[in-house]
Structures are given as structure tokens and as C-alpha cells.
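Here's the structure we're looking at; comments come further down.
The values are calculated or read from the model by the stated rules, or taken from the named source; none is laboratory data. Bear in mind the structure is a predicted one, so any value in this text is a computation, not a measurement. Glycine also receives a Cβ, built like all others from the backbone with ideal geometry; neighbour counts cover every protein chain displayed. Quick note on the areas: whole protein, heavy atoms, side chains included, nothing else; ligands and nucleic acids left out. Shrake-Rupley method; radii C 1.70, N 1.55, O 1.52, S 1.80 Å.
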Amino acid sequence: MNVYKIDDNFEKDYFSVVQIIAYLADTMNLFIEAGRGSGKTTRILAPRIDRIQNSMPGGIGILSAATYKSIFENIMLGVLEYLSTNYERGIYYEVGKRPPEHFNPPERIVTGK
């Protein structure tokens, strides 16, 4: 007889109360004022980006911040951490190089004009 522990079959994931409320509410607009280390990017923003891109393939999403440096050093690092833990690079997402052929091209390209 094989005995399986439930813990071996499931990944353990821990959320704070604020993260749980943001995840369950899933509102169109979400305004959160939270301090450092509260999981704003990896636990709140990145899963929202994931759900939006799955529900609206080909849609346009824009991340904005005060500076480009803030986007690349703060926001994108958290989003990439989320993607690397939940998806396989080169199959579901790619960073810094041309997308694989099986990726659908965007319907429109947003320019700064």
C-alpha cells in the first residue's frame, strides 16, 4: 500500500491579510498604500497582470512609474520573480530577446508618440 502525504502534492504558499484581500477582491482599480517588503509587486501586482493577460490575450497593458529606473529596478524585478516561479522561460514568457515563433504578435505596438 502506498501512503502519500498531502504536503508532498501541494505547494505551500503564504499570504498576508492585505495580499489575500487584494487577491480575492480582484477589482478593476486597486489602490494600496503599503510599506517595504509587503509583497506589493510579487504577491499583488504580478498575479493581477497574469490574470489580465490570460483573460484579454492581445490586450495592451502599461506599467507606469515616476522613472524608467523605478520600473526596471523595482516593478519588473518583482514581476519576473513571479513569472520565473510559476512559468517556464522561453515557453510562456521571454525577457531581453526576440520572442519564440509560437508567440502571437501583438495587435498594436504602443509607441511614445
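Considering the conditions (1) modelled with pLDDT under 90; (2) surrounded by 10 or more Cβ atoms within 10 Å (Cβ to Cβ), Leu77 is excluded by exactly one of them, (1).
Quick one: count up the residues across region 60-79 that are in a helix (DSSP H, G or I) and over 16 Å from the mean Cα position of the chain (by Cα).
Residues of region 60-79 in a helix (DSSP H, G or I): 68-79.
Imposing the further condition that a residue be over 16 Å from the mean Cα position of the chain (by Cα) reduces the set to 68-70.
The total comes to 3.
Of the set (1) at pLDDT 85 or above; (2) over 22 Å from Ser64 (Cβ atoms), all apply to Asp7 but (1). Scan region 83-103 and give yes if some residue there is open to solvent by 90 Å² or more (accessible area, probe 1.4 Å), among the aliphatic types (A, V, I, L, M), under 17 Å from Lys40 (Cβ atoms) and at pLDDT 90 or above, otherwise no. Scanning region 83-103, I find no residue that is open to solvent by 90 Å² or more (accessible area, probe 1.4 Å), among the aliphatic types (A, V, I, L, M), under 17 Å from Lys40 (Cβ atoms) and at pLDDT 90 or above, so the answer is no.
Which pairs have Cβ atoms under 9 Å, sit 6 or more apart or on different chains, and link a residue in region 89-103 that is assigned to a loop (DSSP other than H, G, I, E, B) to one that is of a type in the set (Val, Ile, Thr) and surrounded by fewer than 12 Cβ atoms within 10 Å (Cβ to Cβ)? Filtered contacts from region 89-103: Pro100/Ile91; His102/Ile91. Applying the condition of being part of a loop (DSSP other than H, G, I, E, B) and without any contact (Cβ under 8 Å) to a residue 12 or more places away in the chain to region 27-54 and asking which residue is most open to solvent (accessible area, probe 1.4 Å) yields Arg36. Scanning region 28-74 for residues that are under 15 Å from Asn86 (Cβ atoms) and small (Gly, Ala, Ser) gives Gly39, Ala46.
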